[in-house]
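FYI, it's all coordinate maths here, none of it is from the lab. Only a predicted model underlies this, so the values are computations on that prediction, with no experimental measurement involved. Neighbour counts are summed over all protein chains in view; Cβ atoms, including those assigned to glycine, are modelled from backbone coordinates with ideal geometry.
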Amino acid sequence: MRSLITGDIPAPERAEILLSGTSSDAHTWNLVFLQLLLEEAGHRVANLGPCVPAPLLVEEALELAPRLIVLGSVNGHGHQDGLQAVRALRARPELALVPVVIGGKLGVNGPLTADRVRELTDAGFDEVFGDADIGAFVSYLSRFELRVAS
Amino acid sequence: MTASAPFGARIASARAAGELVVQPRMGFGDPGLMRRGLEATRAARAATVGTLTLDSYTRVGDHASARRAIAEGGGGLNGYPIVARDRDDTRALLGGLHAPDFPVQVRHGSAAPQDIFRALIEVGLDATEGGPVSYCLPYGRVPLERSLENWRESTEILASCAGPGRVPHLESFGGCMLGQLCPPSMLVAVSLLEGLFFAAHGITSLSLSYAQQTSAEQDREAVRALRLLAGELLPGVDWHVVLYTYMGVFPRTAAGASALLARSARTAVAAGAERVIVKTEAEAHRIPTIEENVRALENAARAARDTRPEPPGDGGETYREARVLVEAVLELSDDVGTALLRAFRRGLLDIPYCLHPDNAGRVRSHIDDTGRLRWSDTGSLPLPAVGAPSRRSSVTSANLLETLSYVERRYDSAVR
């Protein structure tokens, strides 16, 4: 997985953040944007790209053991696809504690209602970000201590 | 029985009449609505061909979910489920519509379209689109090698339906590749290589595509480059060029959207493309209605009628770069599919910002001061290195969004 900023390929085990699209979402540019945003905040990123089925997400998460998993979705099915993804992740004991967040345009009718956000957090998401919450996402990221260059 | 209606012959007759063919991207789950959409397309004041766009369950091969949605009336689908739907229903939908003056093309988006191709042949259709690279790399993680194998089989299935009055037609989607920020020479090269792949597997009538980008001048050059290369590399094959109205972030204002559409139609006529696939004024907001589609078709046809073809010219820098790319790929193997696979592995073909594991990801692009898309970093492409390698570090999350909305801002601000 190549860095969009430096062009370097970090060894997979050094990726700190696993970034992924959702199973039915073919959009790429939102994920390119998020990767840049995360790299600008100093994180190493493994970006799985669009249309990632839940079993593949679980497999990659087990292999990379990231410090954070970020799902991005803009096709309106993010609520449904996100539920499936996070349930599959939380079903694995090794992934019970890793922080998992989702953001983007998650519903077909604008921002999600409080009830639907609660469904997502009940299923295992630590945070749910709406389309306009980039600022909140960036400040959430600041909780994750940056890798110190050796 | 559905009438025979060769797609390539319809394009040729429009070309002879000096008309640009215009086509919507339209698909509905409800057969009644789908038929009304095709009827309205046919009745539009323009030279049209029809489109049957499939739903996303069918695209990913989940026909069980498509069948469940049909049982609930079909209205919840975002396109027509040609595989799950009874063949007789689809024949009835097309009856009296699909004809020599109005062939219908199936549009789908699948990296494994074997079932789709079999179904469309069974209902009497023979025109469709896609490609082993263009329906794989931008849309997920299906390995390129598997997509090439799927597309070899699918192309041969389609080719095998040829018979008296039946000439299967296949369009490459290679001129789109992520919709924006891919320099035109790469779009031209990928479309041409997919066309060669189709021809190698038995297709005798095909179309090559190019999606409108950020500079009208560069777009005209790209269409000319595609025509020159097709003339050189596809002898004995019936081919034409299709231009897609802009596939990136679209203007939000109705005036901005229709100005961008009109520009694509004028580019097509000026540079010699035979067909345009339109976008509507609703593009930035929602799925367009039948009426919005018809309006877009008629607006594009009107802009086309006001435009004269330009002298062919030499295709400029886009032609020269695309030719180097295509030749470098074809040297890798006598089999086009194998050559494509090796080219992506070595980074001789490389799509900027494409996240697929089989894309090298070493190239970058930008929009220059004149609005042309250019390489910032040519990675391992067989093209000269670009000066000022520090440009790469200038890609930021903030200016990426600005770059992606370049066309939207230009067209919306011109009308405010």
**Request:** Find the relative contact order for the stretch B:25-116 and round it to a whole percent, using C-alpha pairs within less than 8 Å whose residues are 6+ positions apart.
**Result:** 39
**Request:** Compute the convex hull volume of the Cα atoms of the stretch A:1-143, divide it by the residue count, and report the result per residue in Å³ as a whole number.
**Result:** 95
**Asked** Once amide H atoms are built 1.01 Å from N in the peptide plane, which residues 5 or more positions from B:Thr53, or in another chain, come under 5 Å H to H?
**Response** B:Met26, B:Gly27, B:Phe28, B:Tyr80, B:Arg107
**Item:** Relative contact order %, chain B, counting alpha carbon pairs below 8 Å whose residues are six or more apart
**Value:** 16
**Fill in**
Amide H contacts under 5 Å for A:Leu48, restricted to residues at least 5 apart in sequence or on another chain and with H modeled in the peptide plane, are A:Leu19, A:Ser20, A:Gly21
**Prompt:** Direction-averaged shadow area of the convex hull around the Cα atoms of the stretch B:7-305, nm²?
**Reply:** 13.9
**Request:** Return the Rg/Rh value of the stretch B:131-289, two decimal places, where both radii are evaluated on C-alpha atoms and Rh is the Kirkwood radius.
**Result:** 0.99
**Message:** Given the DSSP H assignment, sum -39500 (n - 2.57) over each helix run of at least 4 residues in chain B and divide by its residue total; what's the result at 222 nm in deg cm²/dmol, nearest 500?
**Reply:** -13500 deg cm²/dmol
**Asked** Between B:Gln114 and B:Ala17, what is the spin-label point distance in nm, taking each point 7 Å from the Cα along the Cα→C-beta axis?
**Response** 4.0
**Asked** Projected onto the charge dipole of the protein assembly as shown (+1 at Lys/Arg Cβ, -1 at Asp/Glu Cβ, origin at the Cα centre), which of B:Gly272, B:Leu196, A:Ala132 gives the Cα projection farthest towards the positive end?
**Response** B:Gly272
**Asked** Which of A:Pro55, B:Ala225, A:Thr113 sits closest to the plus end of the dipole of the protein assembly as shown, meaning its Cα is farthest towards the positive end, when Lys and Arg get +1 and Asp and Glu get -1 on the C-beta?
**Response** B:Ala225
**Complete:** With no solvent term and unit scatterers on the alpha-carbon positions of the protein assembly as shown, Debye gives log₁₀ I(q)/I(0) at q = 0.05, 0.10 Å⁻¹ of -0.20, -0.83
**Item:** log₁₀ of I(q)/I(0) at q = 0.11, 0.16, 0.18 Å⁻¹ - the stretch B:209-365, Debye sum with one point per alpha carbon
**Value:** -0.54, -1.00, -1.13
